[in-house]
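To keep things clear, I will list the structure first and then write my remarks on it.
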Amino acid sequence: MIKNRLPSLYLILKPMLAIAAAIFILLPINVSATQLHASSEGVITHQMGHIFFLFSMLVLIFTVTDKGLNKQKGWRLIQCSAFFFILWNLDAITAHFFDNQIHAVKIENISIWKMRIITNNDSSLLAWFYYMLKLDHLLCVPAMLFLYKGLSNLLDVQKQVIVKKDNS
């Protein structure tokens, strides 16, 4: 009897869950998704994290090259990922420098759809440069995709090796 009721319950809950998800995505409230650093030690620690991550990606690129691993497609993709993570970290360090360290730029929310970039000297060039810096997802997302594809490729190659060993 319970088995017959589950599909109908699922059919009722599925649209309700879709509507609830759409409401959360399309009509957000103040979600505070951006972490602000109120004092200088928070900014400095955060910047040190970016520098450490950037240095780690440089070491990864050189290690993969030195060991000759870049002959494999998976490792080449991981190197591309590391390169994009380096660019992302440079971007983030620069943006944090302007908004959190020297306070040259401030964001003012006008409405839910609009915001204004305010610079100390009313420089439109700095405002545009900062706006471009805030598009850091254009560097971070490809980095994550390259990492995923590289790891997936290495896993597929390893699975093929195991299958060949089992068949031998």
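Is there any pair linking a residue in segment 141-166 that is closer than 20 Å to Leu87 by Cα and in contact (Cβ under 8 Å) with a residue 40 or more places away in the chain to one that is assigned to a helix (DSSP H, G or I) and among the β-branched types (Val, Ile, Thr), with Cβ under 6 Å and at least six apart or on different chains, and which?
Correct list of pairs: Gly150/Ile78.
Any residue at all in segment 80-92 that is modelled with pLDDT of 95 or more, of a type outside the set (A, V, I, L, M) and more than 30 Å from Asp156 (Cα to Cα)? Spell out how you get there, then give the answer.
Let us first name the residues in segment 80-92 that are modelled with pLDDT of 95 or more, namely 80-92.
After this cut, where a residue has to be of a type outside the set (A, V, I, L, M) as well, the list is 80-81, 83-85, 88-89, 91.
Filter once more, so that each one left must be more than 30 Å from Asp156 (Cα to Cα): 91.
Checked against the condition, which is being modelled with pLDDT of 95 or more, of a type outside the set (A, V, I, L, M) and more than 30 Å from Asp156 (Cα to Cα), segment 80-92 yields at least one hit.
What are the pairs, 6+ residues apart or on separate chains, where a residue within segment 14-42 that is modelled with pLDDT of 75 or more has its Cβ under 9 Å from a residue that is loosely packed, with under 10 Cβ neighbours inside 10 Å?
The qualifying pairs are Gly42/Gln35; Gly42/Leu36.
Output the number of residues of segment 96-131 satisfying the condition of being assigned to a loop (DSSP other than H, G, I, E, B) and of a type in the set (D, E, K, R). Walk me through it before giving the result.
Going through segment 96-131, the residues assigned to a loop (DSSP other than H, G, I, E, B) turn out to be 102-104, 110-114, 120-123.
With the extra rule that they be of a type in the set (D, E, K, R), the set shrinks to 114, 122.
Count: 2.
Report yes if some residue within segment 122-129 is out of contact with any Gly (no Cβ under 8 Å at 6 or more places or on another chain) and touching a residue at least 12 places away in the same chain (Cβ under 8 Å); otherwise report no. Break it down stepwise before answering.
Filtering segment 122-129 for residues out of contact with any Gly (no Cβ under 8 Å at 6 or more places or on another chain) gives 122-129.
Next, from what is left, pick out any that are touching a residue at least 12 places away in the same chain (Cβ under 8 Å): 126-127.
Looking for residues that are out of contact with any Gly (no Cβ under 8 Å at 6 or more places or on another chain) and touching a residue at least 12 places away in the same chain (Cβ under 8 Å), one finds at least one in segment 122-129, hence yes.
Mind checking whether some residue in segment 150-168 is surrounded by 12 or more Cβ atoms within 10 Å (Cβ to Cβ) and more than 25 Å from the chain's Cα centre (by Cα)?
Looking through segment 150-168, at least one residue is surrounded by 12 or more Cβ atoms within 10 Å (Cβ to Cβ) and more than 25 Å from the chain's Cα centre (by Cα).
Do you know which residues across segment 72-110 are out of contact with any Lys or Arg (no Cβ under 6 Å at 6 or more places or on another chain) and of a type in the set (Asp, Glu)?
Hits for segment 72-110 are Asp91, Asp99.
List the number of the failed condition for Asn100; all other conditions in (1) surrounded by 12 or more Cβ atoms within 10 Å (Cβ to Cβ); (2) touching a strand residue (DSSP E or B) at 6+ places or on another chain (Cβ under 7 Å) hold.
(2)
The values are calculated or read from the model by the stated rules, or taken from the named source; none is laboratory data. Quick caveat: nothing in here was measured; it's all calculated off a predicted structure. Every residue, glycine as well, gets a Cβ built from its backbone with ideal geometry; the counts of neighbours run over all protein chains shown.
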